[in-house]
Amino acid sequence: MIETLLKKTPLHPVEHQLGGKMVDFGGWELPVQYSSILDEHEAVRTHAGLFDVSHMGEVTVKGPQALPLLQRTTCNDVSKLEDGRAQYNGLLYPTAGFVDDILIYRMSGDDYFVVVNAANTDKDYEWLLECAKGMDVEVRNVSADYAQLALQGPEAERILQPLTDLDLSSMKYYRFAGGIVDGAASIVSRTGYTGEDGFEIYCEPEDGPRVFRTLVDRGVKPCGLGARDTLRLEAKMALYGNDIDHSTTPLEADLGWIVKLEKGDFMGREVLEREKAEGPRRKLIGFEMVDRGIGRHGYPVIDCGEEIGVVTSGTHSPTLKKAIGLAYLPLERSAPGSTFTILIRGKETRARVVPTPFYKRAKS
């Protein structure tokens, strides 16, 4: 009975055929793994892996005031985009808390394609609609029009090139183009959520299963949510609902590089201006465990029995062979090398602040 209530992506039948172990992920039935998380993680770091990310949402923002709307609702400078370029950005409330973290693709000067987190799709769409009232702009939720695949890993370009008419070697990071992939009209962007080189492919839902199957038949390992999480954590890529949410600001989340105060007025600007001048009260830091154990999401950080922070993400890193995680600590306790205590199932366990990202791929 519960299964029938879960949303399914266009790739759902293929994932079953390939033996995906399906779980409920924010109301979607998605594969957590096919072989094993370790196996899939290793494939992405050394060769290539393929993810179904069709649950992600897509919103188009078009019209004469498309740019002013996006400039007012986000903290990064959308005016810096050129056609064919994408940008990581924060969609903010007036409190400077995150509505969501998003990708913005500039199709043209008055046409933008916005990719949002699956669980936030309706909320983001409604927020943009509300902010667009009285403006000459059209905001549409087009999530049902796309399947999205993520081909990630050092061999992604070699594998994808024979299947597309695009020259992938000339496509730089955070660039995109429209083209054909395995016979399907697609948007292909050099982006990802793993810390590796790779591409995200947006195509029509009916084409998604064929493109996915073609890539698997060419030797690409299908990967699930488990490996996606360990990969993104090693690269210190934020997960909405864990590391960032409506109560955290970009400066607290160590995402100051997407805050462009000089661009003019935008949601939360006054809060961020004050926070930058005074310093945020807390900061999202990376840590590794000193004692045995894994600090996981929601575990308290304590000092003399008092809670002073919280772990937002934590796992055993397959690449580094150690327990790592992210946590919010008071700013004065956030310097690399500082030690602190995590309460793991009632036991006080030591951890150490370390520089991030935990993993960074070698530049080719």
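The values are calculated or read from the model by the stated rules, or taken from the named source; none is laboratory data. What you see is a predicted model; the values in this text were computed from it and never measured. As a convention, Cβ positions derive from the backbone with ideal geometry for all residues, glycine included, and neighbour counts pool all protein chains shown.
Which of the strands (runs of 3 or more DSSP E) found entirely inside segment 108-167 contain at least 2 residues meeting this: surrounded by fewer than 17 Cβ atoms within 10 Å (Cβ to Cβ)?
138-141
I'm trying to understand the selection: among the residues of segment 19-34, which are buried (at least 17 other Cβ atoms within 10 Å of the Cβ) and either without any contact (Cβ under 8 Å) to a residue 60 or more places away in the chain or closer than 19 Å to Gly219 by Cβ (or both)?
Of everything in segment 19-34, those that are buried (at least 17 other Cβ atoms within 10 Å of the Cβ) and either without any contact (Cβ under 8 Å) to a residue 60 or more places away in the chain or closer than 19 Å to Gly219 by Cβ (or both) turn out to be Gly20, Met22, Glu29, Pro31, Gln33, Tyr34.
Can you tell me which residue within segment 90-107, out of those that are aromatic (Phe, Trp, Tyr) and under 17 Å from the mean Cα position of the chain (by Cα), is surrounded by the fewest Cβ atoms within 10 Å (Cβ to Cβ)?
As a first pass, look at segment 90-107 and keep what is aromatic (Phe, Trp, Tyr): 93, 98, 105.
After this cut, where a residue has to be under 17 Å from the mean Cα position of the chain (by Cα) as well, the list is 98, 105.
Numbers: Phe98: 28, Tyr105: 24.
Within segment 90-107, the match that is surrounded by the fewest Cβ atoms within 10 Å (Cβ to Cβ) is Tyr105.
Looking at Ala185, Ala177 in this structure, which one is assigned by TED's automatic domain parsing to the domain that holds Met22 and either touching a residue at least 40 places away in the same chain (Cβ under 8 Å) or closer than 25 Å to Lys360 by Cβ (or both)?
Just one listed residue meets the conditions, Ala177.
If I filter segment 245-260 down to residues being among the hydrophobic types (A, V, I, L, M, F, W, C) and over 24 Å from Arg361 (Cα atoms), which single residue comes out as surrounded by the most Cβ atoms within 10 Å (Cβ to Cβ)? Even if it seems obvious, please write down each step before you answer.
First, pick out the residues of segment 245-260 that are among the hydrophobic types (A, V, I, L, M, F, W, C): 251, 253, 255, 257-259.
Filter again for over 24 Å from Arg361 (Cα atoms), leaving 251, 259.
On the way: Leu251: 21, Val259: 24.
Of everything passing the filter in segment 245-260, Val259 is surrounded by the most Cβ atoms within 10 Å (Cβ to Cβ).
In segment 35-79, how many are farther than 30 Å from Leu272 by Cβ and touching a residue at least 24 places away in the same chain (Cβ under 8 Å)?
Looking only at segment 35-79, we keep the residues that are farther than 30 Å from Leu272 by Cβ, and these are 35-52, 54-55.
Subset that is touching a residue at least 24 places away in the same chain (Cβ under 8 Å): 35, 37-52, 54-55.
Residues that pass the stated criteria total 19.
Do we find that Ile294 is touching a residue at least 12 places away in the same chain (Cβ under 8 Å), buried (at least 21 other Cβ atoms within 10 Å of the Cβ) and more than 20 Å from the chain's Cα centre (by Cα) in this structure?
It is false that Ile294 is touching a residue at least 12 places away in the same chain (Cβ under 8 Å), buried (at least 21 other Cβ atoms within 10 Å of the Cβ) and more than 20 Å from the chain's Cα centre (by Cα).
Quick grid of which residues meet (1) within 25 Å of Asp39 (Cα to Cα); (2) assigned by TED's automatic domain parsing to the domain that holds Asp39; (3) surrounded by fewer than 17 Cβ atoms within 10 Å (Cβ to Cβ):
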{"residue": "Asp303", "(1), (2), (3)": "no, no, yes"}
{"residue": "Glu306", "(1), (2), (3)": "no, no, yes"}
{"residue": "Gly314", "(1), (2), (3)": "yes, no, no"}
{"residue": "Pro318", "(1), (2), (3)": "yes, no, no"}
{"residue": "Lys321", "(1), (2), (3)": "yes, no, yes"}
{"residue": "Gly325", "(1), (2), (3)": "yes, no, no"}
{"residue": "Leu331", "(1), (2), (3)": "no, no, yes"}
{"residue": "Thr339", "(1), (2), (3)": "no, no, yes"}
{"residue": "Ile342", "(1), (2), (3)": "no, no, no"}
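Table: residues versus (1) within 22 Å of Thr191 (Cα to Cα); (2) of a type in the set (S, T, N, Q); (3) assigned to a helix (DSSP H, G or I).
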| site | (1), (2), (3) |
| --- | --- |
| Asp24 | no, no, no |
| Leu30 | yes, no, no |
| Glu40 | yes, no, yes |
| Leu50 | yes, no, no |
| His55 | yes, no, no |
| Asn89 | yes, yes, no |
| Ala96 | no, no, no |
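Quick check: anything in segment 171-193 more than 23 Å from Ile37 (Cα to Cα), among the polar types (S, T, N, Q) and either over 18 Å from the mean Cα position of the chain (by Cα) or not in a loop (DSSP other than H, G, I, E, B) (or both)?
Taking every residue of segment 171-193 in turn, at least one turns out to be more than 23 Å from Ile37 (Cα to Cα), among the polar types (S, T, N, Q) and either over 18 Å from the mean Cα position of the chain (by Cα) or not in a loop (DSSP other than H, G, I, E, B) (or both).
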